[in-house]
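Working notes for the structure below.
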Amino acid sequence: MRMARMRSIVSRFLDALGRPCLFPWLVVILIGLSRLPSICHQGELDVDESLMMAQAMRYEHDLMPWRSVDTTTSGPLNSWAFYLMRWVFGAPSYGLVHALAAVATGTAVLITWLTLRVLCHARVAALGGLAACTFVMLGQSPSMTHFTSEMIPLVLLTAAVWMIALGVNFLQVRHWAWPLAALLAGAAPWAKLQAAPLSLALVIGLMGMICWLRPDGQTSGTTLLRASVIAGAFCTVTLFLGSLIALQGTWDDFWNSYIARNLAYANAHTAGTQFSRVLHLWTDASRLSIISLLMAGMVVFAGAWGCHGCPGWRQQTRGHMAMLACMVLYLAAGVYAVTKPPFNFPHYHFLLFLPVILVSTMLLSMWSEHDAESTSPNSFPAGYAWFALTVIAMPFAAIRSSAPGWLAHWRSSVERVPGYQLARRLQILAPHATSLGIWGWAPQVYVHAGLTPASRHAISHYLIDPHPLRERFRRSYLADLKKSRPAVIVDAVTPLALLWDWSGTERIESFPELDEFIRSNYRLVENFPADGSQAPYRIYLLNDSGL
């Protein structure tokens, strides 16, 4: 009797949670509250968001990527989004950018819930959406709360999965859904090349569905035509932007910066190392990584489902089986994309957590349908219990490592940040300056000072790190400075900024041609700060600037 009452209570709770008028508001409230400290923080949480904000400043003068902006490891869609924000709101604050990050993650969670509502019962969809919301709420480190270059691919790929699900359920009605899914998937790598394996996995899954789910009587010619439409939609954004880049004469810059350098960065380890990194991602629960705990929960839940005899497996339609296979392929591509780079930054995990939740929730859907048919009213459905204890509950083991990050945003003060202090000093030394050249990695100085980067290379990552193309990037950087002749140049290779893995030997003197140009046209006016506690910023003013 008690079990029947508990089952009734849980059923009513899940029914209420799954209501279309309630769940979106729940996501808005939970994610909004969890991101409130970062939204209130008016400083940089990660150098990447400052870089995209600085790149948007250059787009105000020239909208063409790789002529106006070298986007380094992210594509032009990110900084174009920031340019659009500047056009709508004016120069955005860091708080507004952090709010946009919260909106992007919340949108991805809501689209995931809509996808699950298409594929599963409303109760199951609500649990899956709650698991996604939990992951976002627990990610409180600066790496997870800033506007990352994974945000736009996250939304695009999640929307593509939703369109695929609509096409599976309404195969004869919504012929537009799958081409739109391919279009969205094809756009994602132009925001982050790391998303390309996930995009490719989705379009391969779509091609398989076209062949496997074709209606009786459909000819091979019709199937080939539909596959061609999908392939064309997938390539549309690439063909458009590729043609634009070729016509403006910056194909070499695009290829060497975005393709060659990213591929070199991704191939920094062997196949054996790649396997160990994948294994480490799946077994990293000892470090309380949220994605590791979530994936461990998925593995335990899938194991419990298998130990119970894979309930519901034989009752699934071909469409749902095809969708599950596509999501497993999508998950495998996500694991590959996240573990391929040499550094396992937490913000990479935004590309991985939704595939984990989609696969887990689709397994729960099978289990819950079987439980509804075969479980007596006096017993509790095993599928819901296992899902709650694994996929939802296990990530909460990371809460001890999440809470300090949440509190740190409240306690931090931007006035104590060296980059902010330098920006204020530049406004005093060069009040009429409109552009700024920086040697090093300090994009927050552009933002705080309100000065446009003088070169397409807003950071010196590709200019300092040793690699075969470094001299090419150095030549274009120096050419930009000679053309724009900024009123101020700052040597920011110092521990006061992001030093990467550099040392004092990589300062301006390490680039002799740049050093000669600065000595001939600029004067060193100040080492900042002057207390001598650390290697200072060096501030150079243009000789004939009159400042």
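On the beta carbon distance between Cys307 and Arg475, with R0 = 51 Å, the FRET formula returns roughly 0.25. Extension gain for Ala385 to Asn521 (0.36 nm times residue separation, less C-alpha to C-alpha distance): 41.9 nm. Inter-label distance, Ala393 to Ser276: 3.5 nm, where each label sits 7 Å from its Cα along the C-beta direction. Using a 7 Å offset from the Cα along the Cα-to-Cβ direction at both Met64 and Asn169, what is the distance between the two label points in nm, to one decimal? Taking the simple label geometry, Met64 and Asn169 are separated by 4.6 nm. Ordering Gly95, Leu263, Gln421 by Cα displacement along the dipole of the chain toward the positive end leaves Gly95 in first place; charges were set at the Cβ atoms of Lys, Arg (+1) and Asp, Glu (-1). Taking all Cα pairs closer than 8 Å and separated by 6 or more residues, the relative contact order of the chain comes to 18 percent.
Candidates Cys235, Ala188, Val203 compared by Cα position along the dipole of segment 154-266: farthest toward the positive end lies Val203, with charges placed on Cβ. Between Leu22 and Val417, the distance separating the two model label sites (each 7 Å from Cα on the Cα→Cβ line) works out to 4.0 nm.
If the segment from Gln534 to Phe13 were pulled out straight at 0.36 nm per residue, it would be longer than the present Cα-Cα gap by 181.8 nm.
Amide H to amide H, with H built 1.01 Å from N, Lys192 comes under 5 Å of Gly75, counting only residues 5 or more places away or on other chains. Annotation for segment 129-165 versus segment 37-69: alpha-carbon center distance of 20 Å. By the helix-only formula, in which each DSSP H run with n ≥ 4 contributes -39500 (n - 2.57) and the sum is divided by residues, the chain has a 222 nm mean residue ellipticity of -19500 deg cm²/dmol.
Using only the C-alpha atoms of segment 415-542, find the volume of their convex hull and express it per residue in Å³.
On the way: hull volume 12.2 nm³, N = 128.
For segment 415-542, the hull spanned by Cα atoms encloses 96 Å³ per residue.
Just need the Rg to Rh number for the chain, please, alpha carbons only, Kirkwood Rh. Walk me through the numbers on the way to the answer.
Details: Rg = 25.7 Å, Rh = 25.2 Å.
With Rh from the inverse mean 1/r over Cα pairs, Rg/Rh is 1.02.
All of the numbers you see were taken from the coordinates with simple rules; none came from a lab. Quick caveat, the model's predicted, so the values are computed rather than measured. Here the Cβ is made from the backbone with ideal geometry for all residues, glycine too, and neighbour counts use every protein chain on show.
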